[in-house]
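Enquirer: Please read through the structure below; I'll follow up with questions.
The values are calculated or read from the model by the stated rules, or taken from the named source; none is laboratory data. All values derive from a computational prediction rather than experimental measurement. Methodologically, a virtual Cβ is constructed for each residue, glycine included, from the backbone with ideal geometry; neighbour enumeration extends over all protein chains shown. Quick note on the areas: whole protein, heavy atoms, side chains included, nothing else; ligands and nucleic acids left out. Shrake-Rupley method; radii C 1.70, N 1.55, O 1.52, S 1.80 Å.
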Amino acid sequence: MCSSLAGPDCCGGLDNIDFRQADLCVMNWLLGYVDPLDPYFVAAVLTIAFNPLFWNVVARWEQKTRKLSRAFGSPYLACYALGGAIVLLNVLRSHCFTQAMLSQPRMHSLDNPTAYLVGVALLLLGGVLVLSSFFALGFTGTFLGDYFGILKEARVTTFPFNILDNPMYWGSTANYLGWAVMHASPAGLGLTAVVALVYVVAVLYEEPFTAEIYRQKSSQLRKRS
């Protein structure tokens, strides 16, 4: 009864849609804005992926061997050195990210004052999360001091850690997202997705290890008491 009232489907229904062609259209549209083989884009992806890999490998090596602490004569100096290296690598990552955006087309639908203001808001939000995380953790807390044996009395739970897990990572992601929106850059949006994915993997890798370090500290304190 219902089918007779509806009449014939002028398009032949969903059966006539070639989803492979639709996927190709989306891919062609994306490739019109983003060239994944562009040297700047490749460099940005590599630096995004390399940075967390570098600091996690070095920090775990230090935690197991204490060779950096011995080489610098102090765990604090070793942590400061690693922190300095991480800052320089992040500057390089941001430079590659920006160059990748500038080398590729802008998206007209994002190239307007409203989108620009949204990008600025995201950039400010990210800055608040990153800076407040740094002030809550301090330099050694931010730059993996716990792997050097520089532990806090307890894990930090003040702002912004009381509203968000890993706020420095998500603040950094918001910074890149805001920067990409301000530049109306599809390449920047794609690279921001890579940043977020890399941070998710980093968190899955880091969180259990950090929790174990503090569990061992708590166990040692109970034994002493």
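Enquirer: Within the stretch 37-65, can you find the residues that are in contact with a helix residue (DSSP H, G or I) (Cβ under 8 Å, 6 or more places away or on another chain), without any contact (Cβ under 8 Å) to a residue 12 or more places away in the chain and in a loop (DSSP other than H, G, I, E, B)?
Expert: none
Enquirer: Determine the pairs where a residue that is within 15 Å of GLN63 (Cα to Cα), located within the stretch 204-219, has a partner that is surrounded by 11 or more Cβ atoms within 10 Å (Cβ to Cβ) and aromatic (Phe, Trp, Tyr) with Cβ atoms under 8 Å apart, the partner being 6 or more residues away or on another chain.
Expert: Close Cβ pairs (under 8 Å, with a partner that is surrounded by 11 or more Cβ atoms within 10 Å (Cβ to Cβ) and aromatic (Phe, Trp, Tyr)) amount to ILE213/TYR147.
Enquirer: Taking ASN90 as meeting all but one of (1) touching a helix residue (DSSP H, G or I) at 6+ places or on another chain (Cβ under 7 Å); (2) open to solvent by less than 70 Å² (accessible area, probe 1.4 Å); (3) more than 29 Å from LYS64 (Cα to Cα), write down the number of the exception.
Expert: The single condition ASN90 does not satisfy is (3).
Enquirer: Identify, from the list ARG70, ARG106, ARG155, ARG93, the residue that is under 19 Å from the mean Cα position of the chain (by Cα) and of a type in the set (Lys, Arg).
Expert: Of ARG70, ARG106, ARG155, ARG93, the one residue that is under 19 Å from the mean Cα position of the chain (by Cα) and of a type in the set (Lys, Arg) is ARG93.
Enquirer: Select from the stretch 172-203 the residues that are among the β-branched types (Val, Ile, Thr), more than 18 Å from HIS95 (Cβ to Cβ), within 13 Å of the chain's Cα centre (by Cα) and open to solvent by less than 40 Å² (accessible area, probe 1.4 Å) and list them in ascending order.
Expert: Residue satisfying the conditions is VAL203 alone.
Enquirer: I've got another one for you. Among (1) under 20 Å from the mean Cα position of the chain (by Cα); (2) within 24 Å of VAL58 (Cβ to Cβ); (3) open to solvent by less than 70 Å² (accessible area, probe 1.4 Å); (4) not basic (Lys, Arg), there is one condition ASP165 misses while meeting the rest; what is its number?
Expert: (3)
Enquirer: Could you figure out which of (1) closer than 20 Å to ASN90 by Cβ; (2) open to solvent by 60 Å² or more (accessible area, probe 1.4 Å); (3) among the acidic types (Asp, Glu) isn't true of GLU206?
Expert: Of everything listed in (1) closer than 20 Å to ASN90 by Cβ; (2) open to solvent by 60 Å² or more (accessible area, probe 1.4 Å); (3) among the acidic types (Asp, Glu), GLU206 misses just condition (2).
Enquirer: Scan the stretch 73-86 and tell me whether some residue there is closer than 30 Å to VAL34 by Cα and in a helix (DSSP H, G or I).
Expert: Among the residues of the stretch 73-86, at least one is closer than 30 Å to VAL34 by Cα and in a helix (DSSP H, G or I), which makes the answer yes.
Enquirer: Looking only at residues that are within 21 Å of the chain's Cα centre (by Cα) and of a type outside the set (A, V, I, L, M, F, W, C) in the stretch 73-90, which one is nearest to TYR147 (Cα to Cα)? Before you say what the answer is, go through the steps one by one.
Expert: We begin by selecting, within the stretch 73-90, every residue within 21 Å of the chain's Cα centre (by Cα); these are 82-90.
This time we only want the ones that are of a type outside the set (A, V, I, L, M, F, W, C), so: 83-84, 90.
Values: GLY83: 12, GLY84: 16, ASN90: 20 Å.
In this case the residue turns out to be GLY83.
Enquirer: Please work out which residue is farthest from LEU46 (Cα to Cα), limiting yourself to the stretch 149-197 and to residues that are of a type in the set (S, T, N, Q) and in contact with a Gly (Cβ under 8 Å, 6 or more places away or on another chain).
Expert: ASN175
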